[in-house]
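Accompanying notes for the structure given below.
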């Protein structure tokens, strides 16, 4: 799979959904998440030719550093650290099993970074079930990972916010989807859609 296509589709998805992400963040945060993610996505797209010429790992590393320098708020360090961890842990070409292992490493890195845990209404609540789905493997994996990402993001609406500005709202944060979880779900879905064009049934096995 050409990682350039994955990058283009994932970043364009964030740009296209910037207003949705902003509205989610206006309900329980600073209201700038969509703006920040759009800024980061555009910065990555501006380096598309450079990224296409790099290996997958170097492209992930470059995108991680771009996120850290271009995305404002807490999202820059969070998404940057996730990409940098994937750059270190993910072999090229990846498989479902090695992707699961790399995502697990990303979860651990983000837990150390933000002192957050699964179940606290963050993007970890999407990454964790997606990692488990990847690790189990099986038929129709691409479709199941995609659905898992959105279902898990939706489920954050019923979680208590423990971290970030939303934690100050108490029960008022209930009923609202976490913006970061929606962002990562959108990215995962875009990647799944791209992979589906190449192999409709499963992730590469080798």
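The values are calculated or read from the model by the stated rules, or taken from the named source; none is laboratory data. The structure displayed is predicted, hence computed values, not measured ones. Don't worry about glycine lacking a Cβ; one is built from the backbone with ideal geometry, like all the others, and counts go over all protein chains shown.
Observations on the model:
- One residue stands out in the range 103-116 among those that are closer than 14 Å to residue 178 by Cβ and over 13 Å from the mean Cα position of the chain (by Cα): the one that is surrounded by the fewest Cβ atoms within 10 Å (Cβ to Cβ), namely 114.
- Test result for residue 204, under 13 Å from the mean Cα position of the chain (by Cα) and modelled with pLDDT under 95: no
- Annotation: of all residues in the range 83-102 being assigned to a helix (DSSP H, G or I) and in contact (Cβ under 8 Å) with a residue 40 or more places away in the chain, the one that is nearest to the chain's Cα centre (by Cα) is 99.
- Residue in the range 68-77 that is over 25 Å from residue 22 (Cα atoms) and part of a helix (DSSP H, G or I) present: no
- Meets criteria (at pLDDT 95 or above, over 18 Å from residue 183 (Cα atoms) and surrounded by fewer than 22 Cβ atoms within 10 Å (Cβ to Cβ)) for residue 88: yes
- Close pairs from the range 1-27: first surrounded by 15 or more Cβ atoms within 10 Å (Cβ to Cβ), partner in a loop (DSSP other than H, G, I, E, B), Cβ under 7 Å, at least 6 apart: 22/31; 24/176; 24/177; 25/31; 25/32; 27/176
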